[in-house]
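As structure tokens, the structure follows; a few thoughts come after it.
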Amino acid sequence: MHPVMIVIPAAILVFGPRAWVNHLLKKHDKDELNLPVTAGNFAREMLDRQGLRLVKVESTDIGDHYDQHAKAVRLARNRFDRKSLTALTTTAHEVAHALQDASDFPPFVWRTHLAKIAQVTGQLGVIMLVTVPMLSLTTHRPFPFRTVGTAVLGIMGTGLVAQLAALPSELDASFNRAIPMLRESYIEEDKIKDARVILLACSTTYIAASMISMLNFWPWFLRGAVASPSNCRATRRQTTTVKPMRPHPARPRKPGRNKSAMEPIVRQLGKPLIRCWLQMRQAF
């Protein structure tokens with residue numbers, strides 16, 4: 001498989017949904033609606049209506065999100081005092097996560113547990129990636145490629161499962177909770193359609209992130225295809241036709257001091273693992 005066949009879809013998945021979301025958020029954030037409340041007041045009113053008076057509403061500089069540990073709905077500072085459709089729609093989405101937390105919504109609970117597991121396994125994977133090659137070099141023993149490769153695939157798979165587990169929670173927060181919340185409050189019906197499009201665009205970013213994580217596995221499947229029995233048989237047939245060369249006398253080298261052995265380790269194990277770990281830290 002040519003690398004371009006992977007790079008182009010990955011670039012579309014990365015930049016396409018984000019460009020769409022940024023366009024919609026900016027488009028509907030320019031005009032102020034004729035509303036009696038700002039985004040911060042709207043969040044406080046919706047939480048109080050559901051009996052969640054202990055959940056705080058705060059402004060932040062790191063984007064809209066719901067902090068489960070602090071029990072706080074945090075809104076971007078540049079939207080906290082706004083009355084735009086973008087501000088109220090994103091606020092309704094984060095308030096919906098607070099409602100999921102309060103009701104122990106199963107997908108939200110599983111998402112939280114799997115995110116913790118993925119974070120721990122990601123950290124263990126980085127430690128393994130650093131310590132195992134060092135132990136192999138110092139003890140002059142063969143590097144356990146199969147064992148480490150299986151462990152890395154398990155770690156990457158845990159992160160992928162955590163991202164996939166977040167999708168039901170995000171979709172429920174957007175369409176089963178945020179849309180009714182907006183419809184029953186101050187948003188007119190003609191603006192509800194625009195709010196639905198905003199939430200749909202935001203949902204595509206989570207789907208794209210999950211698909212990008214799946215692309216991290218393609219080098220492993222490609223390597224398996226190259227090492228298939230048919231390819232191995234073809235290689236043997238080719239080698240039989242080549243006249244063997246006389247080995248030149250050389251000084252024997254210890255397996256543990258072969259510097260070229262580190263190159264496939266870093267390229268095939270290190271890069272996918274570190275990239276997946278960084279994506280998980282940004283997503284959760």
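The values are calculated or read from the model by the stated rules, or taken from the named source; none is laboratory data. All values derive from a computational prediction rather than experimental measurement. Every residue, glycine among them, receives a Cβ derived from its backbone with ideal geometry; neighbour counts consider all protein chains shown.
Can you tell me which residue is nearest to Ala166 (Cα to Cα) among those in segment 54-88 that are crowded, with 20+ Cβ neighbours inside 10 Å and free of Cβ contacts under 8 Å to residues at least 24 places away in the same chain?
Arg74
Quick test for you: out of Val21, Val57, pick the one residue that is under 25 Å from Ser185 (Cα atoms) and modelled with pLDDT of 90 or more.
None of the other options fit; the residue is Val57.
Taking segment 36-64 on its own, how many of its residues are farther than 17 Å from His93 by Cβ and part of a loop (DSSP other than H, G, I, E, B)?
Total meeting the criteria: 5.
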